[in-house]
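The values are calculated or read from the model by the stated rules, or taken from the named source; none is laboratory data. Keep in mind that this is a model prediction, so the values were computed, not measured. When we count neighbours, we look across all protein chains shown, and the Cβ atoms used for this are built from the backbone with ideal geometry, even at glycine.
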Amino acid sequence: MNRVSYFEMPVDDMERATEFYENVFGWKVTKQERAGGPYYSVNTGSKEEPGINGSFFQKTEGWTTISNVINVKDIDWAIAKIQELGGQIVFAKCVINGVGYLAYFKDPDGNVFGMMQEDSNVHEEGGM
């Protein structure tokens, strides 16, 4: 089954967001170095508890709301099916080095989600 696996939250100030969420909810925030800029992984709790983890990234024009990301087995199949059924790809498939493939889509009602096909062996020059 293709499940929502994590969230991505755009923030204006990484340090402020880290302090806020760590102190209010006890989340553990860890800075990651990525070619695309600062990226902070967010652990929201124990694997034994229900819930998902996520990340913070720098808010930019066009990326101002939280996105949920769905794990998929075959991102190319999912992209084709989304387009066939009236959805739209809003961020083309890209490589996240050592993680996998990522794309964003808008469903027919205008809701935006990310999709991730995990593949730790994928690497591309200039990938995120």
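Brief remarks on what is shown
- Candidate set: segment 13-66, residues that are among the acidic types (Asp, Glu) and within 17 Å of the chain's Cα centre (by Cα); chosen: the one surrounded by the most Cβ atoms within 10 Å (Cβ to Cβ): Glu33
- From Phe57, Phe91, Phe105, residue being within 16 Å of Val11 (Cβ to Cβ) and of a type in the set (A, V, I, L, M, F, W, C): Phe57
Residues are listed down the side, and each one gets a yes or a no for (1) among the aliphatic types (A, V, I, L, M); (2) more than 30 Å from Arg16 (Cα to Cα); (3) in contact (Cβ under 8 Å) with a residue 24 or more places away in the chain:
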| site | (1), (2), (3) |
| --- | --- |
| Gly45 | no, no, no |
| Gly54 | no, no, yes |
| Asp74 | no, yes, yes |
| Ile79 | yes, yes, yes |
| Gln83 | no, yes, no |
| Tyr101 | no, no, yes |
| Phe113 | no, no, yes |
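- Counting residues in segment 115-127 that are surrounded by 15 or more Cβ atoms within 10 Å (Cβ to Cβ), of a type in the set (S, T, N, Q) and either modelled with pLDDT under 90 or assigned to a strand (DSSP E or B) (or both) gives one or more.
- Selected residue (criterion: nearest to Met14 (Cα to Cα)) from residues of segment 67-78 that are under 9 Å from the mean Cα position of the chain (by Cα) and either among the polar types (S, T, N, Q) or at pLDDT below 90 (or both): Ser67
- Cβ-Cβ under 8 Å pairs, at least 6 apart or on other chains, segment 10-27 side under 17 Å from Tyr39 (Cβ atoms) and assigned to a helix (DSSP H, G or I), far side of a type outside the set (Val, Ile, Thr) and modelled with pLDDT of 95 or more: Tyr21/Trp27; Glu22/Lys28
- Just so you know, in segment 38-54 the residues that are out of contact with any Phe, Trp or Tyr (no Cβ under 6 Å at 6 or more places or on another chain), outside any strand (DSSP E or B) and not acidic (Asp, Glu) include one that is nearest to Met9 (Cα to Cα), and it is Pro38.
- Of all the numbered requirements in (1) in a loop (DSSP other than H, G, I, E, B); (2) under 19 Å from Asn2 (Cβ atoms); (3) hydroxyl-bearing (Ser, Thr, Tyr), Tyr101 misses one, and that requirement is (1).
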